[in-house]
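Everything below concerns the one structure shown next.
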Amino acid sequence: MERSLETQVGQAVDAWLAWLPRWEPANHRGRVAPCRRCFGSPVLSAAGLGADVPHGVQHGLSTRVKSIVDHAVAEYTSRNLPMLQTELDQQAARNRRRSYRPAEGLEPEFEGMPLDPEPEPGAPFLFTLTGLAAEEDAAIPALPPLSDAAKAALRQEVGLADDYANMIGREVCAVLLHHRLRIQAAVAEYVEPQVAAMLDDLSRFLDAPFDPRDPGPLAS
Ligand SMILES: [Zn+2]
């Protein structure tokens, strides 16, 4: 029997709580574009992980919860939406022909994150993981085109799958409300001290008086 949504969300929060003590602030440059999965996410606001929480902390939870919703929608689709299921099966078969799939099989903390770091201005990379994957994708023949009637039917099924995803999303948010306290306790224990220490370092660095013994960059 399928586990209930309550159980699945509880287990996702458990897994995230077990991972959280290993979280460390990223020391690379922050991403420029906001994460499409986390930015303004109703899941994160239900969980009480607001914009003041570092993105890596949010992403680990929003990805785990997203996979619950995805799984429920996949079940619903396989039982009720034959056209969409066929389309998804064909796309999956096409994907399996690619030998290089850098975005798959990642840990929840990395899944959905950009594959490549932000390029520095004026210093483009020789190649990127995204570029390599796209090159290989272009080499595999596209799926055969659909008739207009098939497209319309498919669009209708996609709409139903969307509605179902929204419904599950709302249920998941309602369940998450019950986990807020332990989520917030864990953030207070493992995240806030590290963020406070970072801000402390930063203000010490900004307050540091000019050191006359330091010859500075122009001395050499
Ligand atoms: Zn994210």
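The values are calculated or read from the model by the stated rules, or taken from the named source; none is laboratory data. Everything quoted here is computed from the prediction, not taken from an experiment. Heads up, the Cβs are rebuilt from the backbone with ideal geometry, glycines too, and the neighbour counts pull from every protein chain shown. Only protein heavy atoms, including side chains, enter the accessible area calculation; ligands, DNA and RNA are left aside. Shrake-Rupley method; radii C 1.70, N 1.55, O 1.52, S 1.80 Å.
In this structure, the amide hydrogen of LEU49, modeled 1.01 Å from its nitrogen in the peptide plane, lies closer than 5 angstrom to no residue at least 5 positions away or on a different chain. Annotation: peptides 42-48, 89-95, ranked by per-residue average of other Cβ atoms within 10 Å with the highest first, follow the order 42-48, 89-95.
The fraction of accessible area contributed by carbon and sulfur in the stretch 144-214 is 61 percent, rounded to a whole number (1.4 Å probe; ligands and nucleic acids excluded). On a per residue basis, the chain carries 67 Å² of accessible surface, using protein heavy atoms and a 1.4 Å probe. The three principal axes of the C-alpha atoms in the chain carry coordinate ranges of 77, 47, 26 Å, sorted with the longest axis first.
Helix 148-177 against the longest principal axis of the chain: what's the angle in degrees, Cα atoms only, rounded to the nearest 10? It is inclined by approximately 50 degrees. Entry note, the chain: relative contact order of 35 percent, from Cα contacts under 8 Å with a spacing of 6+ residues. Summing +1 for each Lys or Arg and -1 for each Asp or Glu, what net charge is found among the other residues whose Cβ lies under 13 Å from the Cβ of GLY50? Computed value for this residue: -1. Here the 3J(HN,Hα) profile of the stretch 43-59, calculated from phi with Karplus coefficients 6.51, -1.76 and 1.60 at θ = phi - 60°, is 4, 5, 6, 5, 7, x, 9, x, 5, 7, 8, x, 4, x, 5, 5, 4 Hz, Gly and Pro shown as x. Isolated cysteines in the chain, defined as those with no second cysteine Cβ under 4.7 Å, comprise CYS173. Only one residue of ALA51, PRO25, ALA74 has its Cα farthest out toward the positive end of the dipole of the stretch 1-106, where Lys and Arg carry +1 and Asp and Glu -1 on Cβ, and that residue is PRO25. When the solvent-accessible area of the stretch 7-71 is split by element, carbon and sulfur atoms take up 55 percent of it, the probe being 1.4 Å. Each stretch of four or more DSSP H residues adds -39500 (n - 2.57); spread over every residue of the chain, this sum gives -19000 deg cm²/dmol at 222 nm. Phi angles of the stretch 129-135 translate, via the Karplus equation with coefficients 6.51, -1.76, 1.60 and θ = phi - 60°, into HN-Hα couplings of 4, 4, x, 4, 5, 5, 4 Hz per residue; Gly and Pro are given as x.
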